[in-house]
Amino acid sequence: MASTRAAIRYAKAILDLANSKGVAEAVNNDMKTIASAIENNSELSAFIQNQTTRVEVKESALLEVFANVNDVTKGLFHLLFENKRFEILAAIAIEYNKLFDESNGVETAKVTTAIPMDAALEAKVLAKVATLSDKKITIENIVDPSIIGGFILRIGDKQYNASVANRLQVLKRELSN
């Protein structure tokens, strides 16, 4: 889901409020749950995106579905109700997670592999990534069979491509010249 400037503004405001109340981590967990629920549940996503559903219904449904969330998160639901902006809830949750990680010195390394990484390989990648960055690193594994083998590591704006598909592409370019 593309993030919007509005989603970033909402996320910053919620993070500031959560920090001032000392519940930023609890709200971060709420936002992870919300983002995951919307991404993995097509009915919930369609319900939130539906323009014909009244905002009162959306707010009460979200308060029921996410009954155990923090009061700051419930406040976000009410704010989205007042501004009729429920369609950007998932983007707000994703942006909040990014901002929370950024403010706590956590960086996400995206590792694309042809098959899912096992725990041993993840530990090796974490050890290697730790030498490249002084921040705390979390790994996000993206599975893409089209890379054939190897891996693609992306940290921030840096990328290291050690995939078999990339090596074949380089070889093809060299042979065609």
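The values are calculated or read from the model by the stated rules, or taken from the named source; none is laboratory data. Keep in mind that this is a model prediction, so the values were computed, not measured. We place every Cβ from the backbone using ideal geometry, glycine too, and count neighbours over all the protein chains shown.
Side notes on the structure shown:
To keep it simple, each residue is scored yes or no on (1) under 18 Å from the mean Cα position of the chain (by Cα); (2) in a helix (DSSP H, G or I).
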residue: A61; (1), (2): no, yes
residue: V69; (1), (2): no, no
residue: V72; (1), (2): no, yes
residue: H78; (1), (2): no, yes
residue: I88; (1), (2): yes, yes
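- Residues of segment 73-96 satisfying the condition of being free of Cβ contacts under 8 Å to residues at least 40 places away in the same chain and within 17 Å of E39 (Cβ to Cβ): F86, E87
- Of all residues making up segment 105-162, the number that are among the hydrophobic types (A, V, I, L, M, F, W, C), in a loop (DSSP other than H, G, I, E, B) and exposed (fewer than 14 other Cβ atoms within 10 Å of the Cβ): 2
- Unique match (being surrounded by fewer than 18 Cβ atoms within 10 Å (Cβ to Cβ), over 20 Å from A11 (Cβ atoms) and in the same structural domain as S20 (by TED's automatic domain parsing)) among F47, F66: F47
- Flag set for L99, criterion: surrounded by 14 or more Cβ atoms within 10 Å (Cβ to Cβ), in contact (Cβ under 8 Å) with a residue 40 or more places away in the chain and out of contact with any Asp or Glu (no Cβ under 9 Å at 6 or more places or on another chain).
- So F86, is it in contact with a Phe, Trp or Tyr (Cβ under 9 Å, 6 or more places away or on another chain), at pLDDT below 90 and surrounded by 14 or more Cβ atoms within 10 Å (Cβ to Cβ): no
- So V55, is it touching a Phe, Trp or Tyr at 6+ places or on another chain (Cβ under 6 Å) and assigned by TED's automatic domain parsing to the domain that holds F86: yes
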